[in-house]
Each structure stands twice: as structure tokens, then as C-alpha cells.
1. For the chain, with every protein chain kept in place, what is the accessible area per residue (1.4 Å probe, Å²)?
2. Three principal axis extents, largest first, for the C-alpha atoms of the chain, in Å?
3. Anyone know which of A76, A62, A40 comes out most mobile in the 10 Å Cα GNM of the chain?
4. Tally Lys/Arg at +1 and Asp/Glu at -1 over every other residue whose Cβ is under 13 Å from the Cβ of P52; what's the total?
5. Report the Cα centroid-to-centroid distance between the stretch 1-53 and the stretch 90-107 in angstrom, as an integer.
6. Give the lysines whose C-alpha is closer than 28 Å to that of K88, dropping any in the same chain fewer than 8 places away, or say none.
Amino acid sequence: QVQLAESGGGLVQAGDSLRLTCTASGRTNRAGSMAWFRQAPGKEREFVASIPDENGSTTYYADSVKGRFTISRDNAKNTVHLQMNSLKPEDTAVYYCTADFPGFRSWGQGTQVTVSS
């Protein structure tokens, strides 16, 4: 009963930045860990970053994005963000946000990020 909607994707050049936003609607009060995943054409979906605590005190990142991406959450606005800096062509993918609830994980529709060489 929770819907997630990603926005902020686009076409940028290598070295540029993008800020993705995931907005949750519905029954969001019990949301726990939130995260970002991505999937490039022909590749498996992979973990990007997570922020398991509502206070945002703990974050986790894939090795490939450490030092470049930052995940954050704003519980009052029911949003989670992914600030992506120093983008590389290999970051090109559809980015999905997730929210964990007791018994299930909710997924958004995804937003396309394309980084040109």
C-alpha cells in the first residue's frame, strides 16, 4: 500500500552531477530501511546505497559509488535522495528506490540516468 516514485534522472556528461528524489506515498509511517538500486541494460540489478535508520545516521554504499554518491532521507517529506557527483559512463542505468516494511519491500518505477563519455 506504499507507492514510490523516482525523479531527477536525465542525460549528463561524465563528471557532472545529478540529484535523484524518491517520494513515498500511502502508508509510510512504518518505513524502515530505504535504498537505491540500479540496473544497466543487459546487466543484473545491483545495490547502490541504503539508509536503514529513520534518523539517517547510518548509510551504506557499493564500492563503485563510495565517495561520489550520498544518500539521505527527509521523513517529514517522505522522500529519500541520492546525490550523484562525478558521474561516469558506467553509472548509466535505471535507478530504483526501495522502502522496507514488515514482510515486504516496495519498489519504485525507476528513473533513467544516462552519462555520456
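The values are calculated or read from the model by the stated rules, or taken from the named source; none is laboratory data. Since we're looking at a predicted model, the values are computed, not measured. Because the Cβ atoms are built from the backbone with ideal geometry, glycine has one as well, and the counts that use them run over all protein chains shown. Heads up: the accessible areas ignore ligands, DNA and RNA and are worked out on the full protein's heavy atoms, side chains in. Shrake-Rupley method; radii C 1.70, N 1.55, O 1.52, S 1.80 Å.
1. Working: 6250 Å² over 117 residues.
Result: 53 Å² of accessible area for each residue.
2. Principal extents (largest minus smallest coordinate, Cα): 41, 27, 23 Å.
3. Greatest mean-square fluctuation among the candidates belongs to A76.
4. Details: positive: R73, R105; negative: D53, E54, D100.
Result for the neighbourhood of P52: -1.
5. Distance between centres, Cα-based: 6 Å.
6. Of all the lysines, those that pass the test against K88 - Cα under 28 Å, at least 8 places apart if same chain - are K43, K66.
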